[in-house]
1. Across the residues of A:622-633, average count of Cβ atoms on other protein chains within 10 Å?
2. Hey, with R₀ at 35 Å, roughly what FRET efficiency would residue A:508 and residue A:428 work out to, going by the Cβ-Cβ distance, to 0.05?
3. In degrees, nearest 10, range 0 to 90: what is the angle between the Cα axis of helix A:688-705 and the longest Cα principal axis of chain A?
4. Specify the inter-centroid distance of the stretch A:528-578 and the stretch A:335-399, based on alpha-carbon positions, in whole Å.
5. Hey, how many Å between the Cα centroid of the stretch A:137-153 and the Cα centroid of the stretch A:685-728?
6. Per residue of B:14-25, count partner chain C-beta atoms within 10 Å of its C-beta, then hand back the mean as an integer.
7. Per residue of B:114-126, count partner chain C-beta atoms within 10 Å of its C-beta, then hand back the mean as an integer.
8. What angle do you read, to the nearest 10 degrees and between 0 and 90, between the alpha-carbon axis of helix A:257-313 and the longest principal axis of chain A?
């Protein structure tokens, strides 16, 4: 920029020098005028051009500065015309050939106008827009100014002094004024130069150069003494160039630039439009996208919520792991099932939740995931509290876009209970199976087609053949050689329990024979159907066992029973006989005795005179014998009655009986002094009558065998021997030798002769019979001369020894 | 003293002999009618059967009845006696060697006045007979 300006300066300087050196070279008048007028017209053109451009582009690029410049150049144009018209070259137009002061003044005003306005325009802010009003105002101002100036210069009474005539050279005042315009123009030029550099704007550079040239033109004018020489013309030409440059600048500013801007704007607009369209399209797409996206988002959210709800409310646990088998997600249910909080599980590998034994198995399953296999399997997991729970795992692997394994998700359901039940069931089945196998009974299970599904070992053992699964139930009887017991007829299959079971009937038969090589066994068969809930038969079960032994035993038992019955009948008969016998005895045996005794007595009585002592003695012995026999008969009868009669069971007071018996004895023999010691309150359960007989016998004996003792003592009491309650009757009488103890209770077996002690020897036998009927025991201890003690225990009902009914 | 006859129903001849003897020993002078079995007894009492005996004899003052008889047993005779108006109130003493309680019960149930056991011992027998005679023929008020 500055270079151009400096160049302009240089040119000016050169021109100046040239003009200085030229001196007053007069030019041919006619040429001078032509050139001068031409230049002036051109100058006017350019000046008006400047104004014209500014005015015409006022709508688009008018700002204050350009307005001012435009107006100035309008004024300049007008002033230039006026100057021309008033110059020497235009005498017809009023241009004086002797006095150029009008044109000089016009020239002066012209130059000042340019200079000051241009200088002033420097300081106007750039690009301050003007309103239409301001434009109109400026126009009017210019018009007013022009009118004033014209009036001032041309009016005859003008205060402006006359300036020198044509060839007189310049007035020093004029020179000073001209100098002034030069300075102003120069300053303006600097100003614009500065703007130009600051803004890097060529326009302002052009203006600046124009002004420099304009200033130079002033210098030329000053150097031209006559104002119609070559220097003068050079000066005018220079000023013309200056005008032209300003015109260019204004053109730029007001026309080019705006058009450029417009063009740019249009381009911009076009771009913008295009951009806008793209943008709009984009926006629309975006909007569409957005709407779509929003819709999609909404749908997604809804679906997500749906899924989330599904995940969260699933009764199954959901467990997500990444490619390292680390937990990335567990739903609430899953966490609960293991007793953890969900956050406790996140990040931990799934293998941490199984016990060490199962870890290997789990890892195998996880490997399958990595190979893309989805599967369902059982796995025990350890809960937070250490409990083991069984879960059914349904796992699916997932892969990313590159086909790499990215983890898997599994559904888990708690089958601990089911597993426990299964285990329990299996255990119970095992037990059942073992039980079935161990049963001493053969079991076969047949399906509805008659095929055998199951048979235990015992079955084969009993049948002597393996249970063939393919033998139809119909052919069974033949195959296993089952016959009706005791015949050669094959067992009818309609009767066979397995067949009947399949028909829905439970049955039992025990008349089946199996002919095995070497033996015939009898079996008992139970059959029962197994039905479903609707009652349809699913299986038939038959259980059978070898009852040969049993049948044998049964036969034996029935034989025995028969024998027993016979025996029992015989016993009854015997008893009846005994009864009859006893009855007989009480009559028939006595009668002869009576006769013997009777007639013997009569003989003794009435034929004593014919009898000697020996005869009487013998008859007495006969009588004695009869009495004795009578006694024997009585005793025997008594004994047998003890055995035969029915017993009653009641509470018996032995102490009371003892006392009563002893009292009777004492009454019968009041002279005997016997000390009686009877323990009170001894009770037993049994037959009162029999116990009375017992006590009577024992106490009678004691009483009898004490008779020779001075201080006889008879005791009755109860004691404990070997933890057992034992009653005793003790006396200190004759006693007995222990070596004879076995003979004590034998009927009629006596240890003393009847001369010593009366008695038939039935007492103790009776006592024993009574005790045995009560189920007790009786024994004795004695010492000769010291006494005897008889012990007996109380029996229990039903425990009687040798009871006969 | 009731002098009417005593009816002795007894099949054993020895026992008959002993009884007669005992009665004589005890100065019982009443006539003793003897029936050896049921038929004879019934005939004596009711005039049935063979009309060889004296049927117009006066009613017995006392019947000494043995139980073990051939054919009709003592209980049947007792029944007949008690069923017949003319003999219903007649004193019947069962004189038997049976000690069977059942016989005793049956005897009383059928209406015997007394039940006495014949002892084996003759001396005792004498006592029994005396007591019976004293009681039934002297002490006891008969129906005539």
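1. If you average over the peptide's residues, the count of other-chain Cβ atoms is 2.
2. Plugging the Cβ-Cβ distance into 1/(1 + (r/R0)^6) gives 0.85.
3. Its long axis makes an angle of about 50 degrees.
4. Taking the Cα centre of each part, the stretch A:528-578 and the stretch A:335-399 sit 63 Å apart.
5. 186
6. 3
7. Numbers: counts 0, 0, 0, 2, 5, 6, 19, 9, 15, 7, 3, 4, 4.
Average per residue, whole number: 6.
8. Helix A:257-313 sits at roughly 10 degrees to that axis.
Since every read-out is calculated from the coordinates, none of them should be taken as a lab result. All values reported here derive from a predicted model rather than from experimental measurement. We place every Cβ from the backbone using ideal geometry, glycine too, and count neighbours over all the protein chains shown.
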